[in-house]
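Here is the structure we will look at, set down as structure tokens.
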Amino acid sequence: MSKSIAREFAKGLWSEIPPFRLVLGLCPVLAVTMSVENGIGMGLATTFVLVGSNFLVSLLRNVIPPKIRIACFIIIIATFVTMVEFIMQAYVYPLYLKLGIFIPLIVVNCVVLGRAEAFACKNPILPSLADGLGMGLGFTLSLSLIGAFREVLGNGTFLGLQVFGDAFVPFGVMVKAPGAFVTLGLLLAFMNLVPVKK
Amino acid sequence: MTDYFVLAISCIFVNNILLAQFLGNCPFLGTSKKMETAAGMSMAVVFVLVMAGIITWITDTYLLKPLNIEFLRTLSFILVIASLVQFVEMFLKKSIPGLYAGLGIFLPLITTNCAVMGACLINIKEEYTFLQATVASFSYAIGFGLALVLFAGLRERINIARVPQPLQDTSLGLVTAGMIALSFYAFKGMV
């Protein structure tokens with residue numbers, strides 16, 4: 001039992017890591033990863049919503065009528081998103097301003113709805129919690145990774161600290177829209193390399 | 001009049017919803033493998049986004065704000081959009097079957113398209129008037145369609161080319177999208 005829970009947790013971190021393997025939930029992945037800090041903040045907010053919605057969906061899985069399940073899932077998710085909005089407004093206000101409309105948009109993040117539909121509504125509570133936590137942390141990890149690339153190349157900093165000497169000319173385009181697409185595309189290609197070699 | 005024109009241009013090109021605001025990227029990559037699906041998705045988005053923009057604006061101004069329950073915005077908008085999509089689907093099925101056959105499978109997908117929800121939230125955030133919100137929603141939808149069709153055209157060609165295996169499909173698609181975003185970036189100084 002504990003082994004299978006560990007497996008559900010671990011698959012979110014590597015074999016099914018959301019943005020790279022499943023290619024889901026790309027909007028926040030591209031939009032908020034100007035810096036590592038944004039990436040971590042967005043990732044943790046999504047993790048909270050994922051764990052919460054997975055828990056509640058799994059708890060109610062025998063009560064929700066199958067025909068209107070999507071609508072029920074969306075209401076559950078929207079509730080948790082509203083909660084996370086309030087929490088961030090109260091404790092991390094600058095980050096809340098920076099992420100802007102992308103916090104309410106967690107509602108339409110396909111990763112969250114996808115996990116509710118594909119996993120939580122068919123499995124008991126504990127594996128669902130593990131699945132949500134694993135997926136959420138995998139999401140956070142990928143967002144910080146992309147954020148790190150873009151921040152270091154585009155701004156010459158890492159978490160706000162100077163990385164290169166004064167002679168470094170920042171690669172401005174990396175923190176702008178085109179850089180996001182190119183970074184994600186190339187990282188995806190590197191991820192694809194790994195199973196090819198196996 | 002000029003104001004609305006400037007707003008439209010800025011929403012279509014400068015703040016293009018896909019390439020500058022990063023909204024609606026899942027259908028952008030999902031439906032761009034063939035030109036027909038891309039065109040179908042674009043039409044469906046134009047249809048739904050304009051209606052959603054109008055209805056969410058009305059909901060926010062005449063329901064949420066007077067009652068002081070703006071914190072329910074996320075919840076109510078997603079419900080409005082989901083039921084709107086369902087309603088449009090039923091309406092088209094009954095009265096315009098030809099259009100329904102064309103848009104059919106794309107309509108349910110739009111519920112989780114963040115371009116729709118995002119555009120509605122931007123309308124509220126920028127405090128647009130009713131007419132401005134309508135023009136902005138329409139222009140965002142046109143911008144979405146433009147970028148999607150452009151991208152699908154490029155992608156159809158790339159699929160014929162021989163590409164190294166790890167770069168295939170989505171990976172090269174994203175890099176291509178980056179290049180298109182770079183060209184749209186040139187509009188930045190315009191408005």
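The values are calculated or read from the model by the stated rules, or taken from the named source; none is laboratory data. No experiment lies behind these values; they were computed from the predicted model shown. FYI the Cβ positions are ideal-geometry reconstructions off the backbone, even for glycines, and counts take in every protein chain you see. To get the accessible areas, we keep the full protein, side chains included, count just its heavy atoms, and leave off ligands, DNA and RNA. Shrake-Rupley method; radii C 1.70, N 1.55, O 1.52, S 1.80 Å.
Residues in the stretch B:61-191 average 51 Å² of solvent-accessible surface per residue, probe 1.4 Å, ligands and nucleic acids excluded. For A:K11, the solvent-accessible surface computed with a 1.4 Å probe is close to 30 Å², ligands and nucleic acids excluded. The Cα trace of the protein assembly as shown gives Rg and Dmax of 20.6, 67 Å, the first to one decimal, the second as a whole number. With N counted as the residues of the stretch A:33-76, its alpha-carbon radius of gyration over 2.2 N^0.38 Å works out to 1.53. Relative to the longest principal axis of the Cα atoms of chain B, helix B:114-125 runs at roughly 40 degrees.
Karplus-based coupling profile of the stretch B:66-76, in residue order and whole Hz: x, 8, 6, 10, 5, 5, 8, 4, 4, 5, 6, with θ = phi - 60° in 6.51 cos²θ - 1.76 cosθ + 1.60 and x standing for Gly or Pro. Phi-derived couplings, Karplus 6.51 cos²θ - 1.76 cosθ + 1.60 at θ = phi - 60°, listed residue by residue for the stretch A:9-16: 5, 6, 5, x, 8, 9, 5, 10 Hz, with x used for Gly and Pro.
Averaging the Cα positions of each part gives two centres, and for the stretch B:44-114 and the stretch B:144-177 these lie 30 Å apart. Let me test this: with uniform point scatterers at the alpha carbons of the stretch A:2-149, what is the Debye-based log₁₀ I(q)/I(0) at q = 0.08, 0.09, 0.21 1/Å? Those come out to -0.20, -0.25, -1.27, one per q. Report the longest stretch of chain B that contains none of the GluC sites (Glu not before Pro) sitting in a DSSP loop with at most 12 other Cβ atoms within 10 Å. Maximal segment without exposed cleavage sites: B:1-125. Using only the Cα atoms of the stretch A:144-193, each taken as one equal point scatterer with no solvent, compute I(q) by the Debye sum, divide by I(0), and report log10 of the ratio at q = 0.28, 0.29 Å⁻¹. Once normalised to I(0) and log-transformed, intensities are -1.01, -1.05.
For helix B:170-185, what angle does its Cα long axis make with the longest principal axis of chain B, in degrees from 0 to 90 and rounded to 10? The angle comes out at about 60 degrees. Helix B:35-59 axis versus longest C-alpha principal axis of chain B: approximately 20°, rounded to the nearest ten.
Note that the stretch A:23-176 presents 42 Å² accessible area per residue, ligands and nucleic acids not counted, probe 1.4 Å. Surface calculation, 1.4 Å probe, protein heavy atoms: A:V152 sits at approximately 40 Å² accessible.
When the accessible area of the stretch B:7-185 is split by element with a 1.4 Å probe, what percent falls to carbon and sulfur? Don't skip to the answer; put the middle values down first.
On the way: 5310 of 7760 Å².
Answer for the stretch B:7-185: carbon and sulfur cover 68 percent of the accessible area.
Among A:L97, B:L92, the sequence by solvent-accessible area, most first, with a 1.4 Å probe is A:L97, B:L92.
Across chain A, where is the longest run that never hits chymotrypsin sites (Phe, Trp or Tyr not before Pro) in a DSSP loop with at most 16 other C-beta atoms within 10 Å?
A:15-163
Between the amide H of A:F158 and those of A:V163, distances stay under 5 Å, these residues lying 5 or more places away or on another chain, with hydrogens modeled in the peptide plane.
Would you calculate the convex hull of the Cα atoms in the stretch B:7-159 and tell me its volume per residue in Å³? Spelled out: Cα convex hull of the stretch B:7-159, divided by residues, is 103 Å³.
Close amide-amide hydrogen proximity is noted between B:I17 and B:F144, each under 5 Å apart and 5 or more residues distant or on a separate chain (H modeled in the peptide plane; Pro and chain starts excluded).
Tell me: how much accessible area in total is hidden between A and B, 1.4 Å probe, Å², nearest 100?
Details: alone 10420 and 10460 Å², together 17870 Å².
So the total buried area for this chain pair works out to about 3000 Å².
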